[in-house]
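Taking it in order: structure first as structure tokens, then the write-up.
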């Protein structure tokens, strides 16, 4: 196995994760913005639709999920952008090592600073949208797994567009179609829980999709980075 | 192998569904035709560009020859 | 060694833009004839000769455009991704050119499928748009095509655009079955009870024959369009090569 010594030579996986989380902490404003967005747009819903708790509770799972997806979209661009701008991405690509591993670390770090806080914030918003409390576990689990999937798949899109500059609408265009399946299963999990059905089925499908994404997306993103930021 | 319709008007009417059928057919055929015309035009344009550059080169070298 | 070279010769020749350009130049007239013959006879047969559907009357005749377009739209995505994969693995520029050409054709065919589906929906369901599983999947397929097209046009370097969009096409290919399955499942979850799609299993043989002709016609048409787009791309990319210059000067001297 020729890649084993390479793996040993790379800085440890956790070091990569720690570095990215630390960088996100240093840019706290950028990191918190998606969370604030998530909260603010969830406030728009009762204002724009209806404050009626009955109607809100019916659409709450869908709203929460769509907002989580949009919040991830807002932040996914940054997963490689800073490293591209300051040249550390180029260093990473030149170094004789597996790129997929640091890419996976970046995905994990992105989830830690976006997906996880979103998930932890969601009960608060679910409360304001009058989601039945019985659905909270399903919502938390589906958002936790789903946002990790969003980070993984989003990383592929971000790696394809990293050298094209910021502010483009291209990245959402590439990534949103790929997000549709996970959103179907994510909202279904919560809807099942609201209806009092067993919600382990769709959740298991999400878990399977996350496993596949975590295995394949770092490879695809690494290949894309080699192409686009060469 | 008989035609189902007695007259041209019946063909146009399609038993009341004429509008839908013929709109679908027209738009589809138009898009298919565009799929032939667009590459054909860009092919011609690309060839013309090559020709233009060749002529410019030829003209340039001729002038150089005169000088 | 020599046999080894011979065995792979066809493969490398296929990878030569010049060879592709010349061979398709010879085949295209015939292919175009075949495509127009098949499409014209299929349309005539389907629109005028085939018996009307017992339930839907004459509006069902839209099927002769809708189904072939939908099939080729889906097949086209796989052709595009396959060409992209070949390009990435064997570094064949020709393959990337085919991939790039497949994107606009696929998007156009997906549009035809969606449009004819909507127009067909009005007389048979009473509405232009339903969030039916197959329609929704087709819409997502259109989005996937548009993503590839947008990415192709975003790069200033042609080589980079080829490779990046090939990767995106491959990622999309892995996702297509997931999208189809999930949307199908989603639809059973929110089944609107009043609507039922065509029961395609019970299509009569008289209606099926023209449909097969149309599907064949669309396949040949796809090849023709793909060749035309690819030939234009070849000339654009190889504009500075000796053989293109020779081709142009031969043409203008004639």
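Please go through the stretch C:156-177 and pick out each residue that is surrounded by 18 or more Cβ atoms within 10 Å (Cβ to Cβ) and at pLDDT below 90. Hits for the stretch C:156-177: nothing passes. For the stretch A:162-190, residues that are more than 21 Å from residue C:178 (Cα to Cα), more than 7 Å from chain C (Cβ to nearest Cβ) and in a helix (DSSP H, G or I) total 2. Does residue A:22 satisfy the criteria of being within 22 Å of the chain's Cα centre (by Cα), surrounded by fewer than 17 Cβ atoms within 10 Å (Cβ to Cβ) and modelled with pLDDT of 90 or more? Here the answer is yes, as residue A:22 does meet what is asked. Please determine whether any residue of the stretch B:8-16 is at positive phi, at the interface with chain C (Cβ under 7 Å from one of its Cβ atoms), without any contact (Cβ under 8 Å) to a residue 40 or more places away in the chain and touching a helix residue (DSSP H, G or I) at 6+ places or on another chain (Cβ under 7 Å). So far as the stretch B:8-16 goes, yes, one or more of its residues are at positive phi, at the interface with chain C (Cβ under 7 Å from one of its Cβ atoms), without any contact (Cβ under 8 Å) to a residue 40 or more places away in the chain and touching a helix residue (DSSP H, G or I) at 6+ places or on another chain (Cβ under 7 Å).
Please work out if residue A:219 is surrounded by fewer than 22 Cβ atoms within 10 Å (Cβ to Cβ), closer than 24 Å to residue A:77 by Cα, under 18 Å from the mean Cα position of the chain (by Cα) and in contact (Cβ under 8 Å) with a residue 40 or more places away in the chain. Working first, answer last.
Numbers: surrounded by fewer than 22 Cβ atoms within 10 Å (Cβ to Cβ): yes; closer than 24 Å to residue A:77 by Cα: yes; under 18 Å from the mean Cα position of the chain (by Cα): yes; in contact (Cβ under 8 Å) with a residue 40 or more places away in the chain: yes.
In short, yes.
Number of residues in the stretch A:171-204 that are crowded, with 17+ Cβ neighbours inside 10 Å and over 17 Å from the mean Cα position of the chain (by Cα) equals 9. Among the residues making up the stretch B:1-29, a single one is within 19 Å of the chain's Cα centre (by Cα) and exposed (fewer than 12 other Cβ atoms within 10 Å of the Cβ): B:26. For residue C:151, state whether it is within 22 Å of residue A:184 (Cβ to Cβ), without any contact (Cβ under 8 Å) to a residue 40 or more places away in the chain and facing chain A (nearest Cβ under 7 Å). Judged against the criteria, residue C:151 is not a match. Candidates C:108, C:85: the one that is closer than 30 Å to residue B:12 by Cβ, touching a helix residue (DSSP H, G or I) at 6+ places or on another chain (Cβ under 7 Å) and in a helix (DSSP H, G or I) is C:108. Could you tell me whether residue A:89 is closer than 25 Å to residue A:175 by Cβ, surrounded by 24 or more Cβ atoms within 10 Å (Cβ to Cβ) and touching a helix residue (DSSP H, G or I) at 6+ places or on another chain (Cβ under 9 Å)? No.
Looking only at the stretch A:179-216, residues that are under 30 Å from residue A:91 (Cα atoms) and touching a residue at least 12 places away in the same chain (Cβ under 8 Å) come to 3 in all.
The values are calculated or read from the model by the stated rules, or taken from the named source; none is laboratory data. Every value quoted in this text rests on a predicted model; they were computed, and no experiment measured them. Glycine gets a Cβ as well: all are built from the backbone with ideal geometry, and neighbour counts include every protein chain shown.
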